[in-house]
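The values are calculated or read from the model by the stated rules, or taken from the named source; none is laboratory data. None of the values given here were measured: they were computed from a predicted structure. Cβ placement follows ideal geometry from the backbone for every residue including glycine, while neighbour counts extend to all protein chains displayed. Note: areas computed on protein heavy atoms with side chains; ligands, DNA, RNA excluded. Shrake-Rupley method; radii C 1.70, N 1.55, O 1.52, S 1.80 Å.
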Amino acid sequence: MKIARPPKKIALLGAESTGKSQLAQALAAHLREAGDQAVAVDEYLREWCEQKGRTPQPHEQAEIALTQRLRIEQASRALTAAARPDQSCWVIADTTPLMTAVYSEFIFADASLTPSALSYQTSFNLTLLTGLDMPWEADGIQRDGAHVRAPVDALLRERLQGGKIAFEVIYGLGDQRLQATLRALTSINSIACSAANITGGALKDSRNSSSPDPAPWVWTCDKCSDPECEHQLFTRLTAQRGD
């Protein structure tokens, strides 16, 4: 009897107020409408702060990171059990333990969570970094302010690059961000997607098990830690495409 394949795991990382939660929900909804199985795993930190009425202390960061990981893996198992063998399955993680590790390092000067977080990050099929082109908005007690976005973004990129983890940066407002994300999904070597698929159809798995896996795409700009430079390049590319 055929069983469903393990879901493809997509990680959405980024500084605060860069649209991760909204994008995770929009992406999961789009994939479900296309006939796939998809679930968005919410950021546990938000739930933790709402329950406690405060932000976490240094010694509480490890538990938050672990719970985020366990919820992602629980969602993966549940999706595998529920899906038909012919369905593509997706788990979209609204942050991973790596974001907890980066904030622990940034706020508390504690890098102890980083090695295990980077190791777990390699289990994702695609890591997406949400760009800084969205305006900062207050959202409860868990956000520190617009001034922390750039240094957190820079530290996150540094840790991803140091861990040799390929990532793609997502820009755009509203539906543009979703469309940019759908284009990024085509960089997963098991996905073949036409222009029609991007704008509304299902993303079909066309893996050939006998074919070697190509190397993942990595941002190659020599100023990849410069959001302004990167955003200018993105704007020129989308203008050429007529987006």
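So if I check each of Gln87, Gln57, Gln74, which one is open to solvent by 10 Å² or more (accessible area, probe 1.4 Å) and touching a residue at least 60 places away in the same chain (Cβ under 8 Å)?
Working: Gln57 fails: touching a residue at least 60 places away in the same chain (Cβ under 8 Å); Gln74 fails: touching a residue at least 60 places away in the same chain (Cβ under 8 Å).
Going through Gln87, Gln57, Gln74 in turn, the sole match is Gln87.
Ala4 - would you say it is modelled with pLDDT under 95, hydrophobic (A, V, I, L, M, F, W, C) and in contact with a helix residue (DSSP H, G or I) (Cβ under 6 Å, 6 or more places away or on another chain)? Taking the combined requirement at face value, the residue satisfies it.
One residue alone among Ala75, Ala11, Ala65 is closer than 28 Å to Gly174 by Cβ, part of a helix (DSSP H, G or I) and at pLDDT 95 or above, and that residue is Ala75.
Of all residues being closer than 30 Å to Gly35 by Cβ and out of contact with any Asp or Glu (no Cβ under 9 Å at 6 or more places or on another chain) in the stretch 60-71, which is surrounded by the most Cβ atoms within 10 Å (Cβ to Cβ)? Just the residue, please.
Residues of the stretch 60-71 that are closer than 30 Å to Gly35 by Cβ, as a first pass: 68-71.
Retained after the next criterion (residues that are out of contact with any Asp or Glu (no Cβ under 9 Å at 6 or more places or on another chain)): 69-70.
Values: Arg69: 20, Leu70: 12.
Once the filter is applied, the top-ranked residue is Arg69.
Of the residues examined, Arg149 is not one that is among the basic types (Lys, Arg), in contact (Cβ under 8 Å) with a residue 24 or more places away in the chain and farther than 23 Å from Arg54 by Cβ. Among the residues of the stretch 18-47, those that are surrounded by fewer than 20 Cβ atoms within 10 Å (Cβ to Cβ) and polar (S, T, N, Q) comprise Ser21, Gln22, Gln25. Looking for something modelled with pLDDT of 95 or more, farther than 17 Å from Gln161 by Cα, among the polar types (S, T, N, Q) and open to solvent by less than 20 Å² (accessible area, probe 1.4 Å) - is there at least one such residue anywhere in the stretch 102-120? Scanning the stretch 102-120, I find at least one residue that is modelled with pLDDT of 95 or more, farther than 17 Å from Gln161 by Cα, among the polar types (S, T, N, Q) and open to solvent by less than 20 Å² (accessible area, probe 1.4 Å), so the answer is yes.
Selection of the stretch 108-118 for residues being touching a residue at least 12 places away in the same chain (Cβ under 8 Å), among the hydrophobic types (A, V, I, L, M, F, W, C) and over 24 Å from Ser76 (Cα atoms) yields only Phe108.
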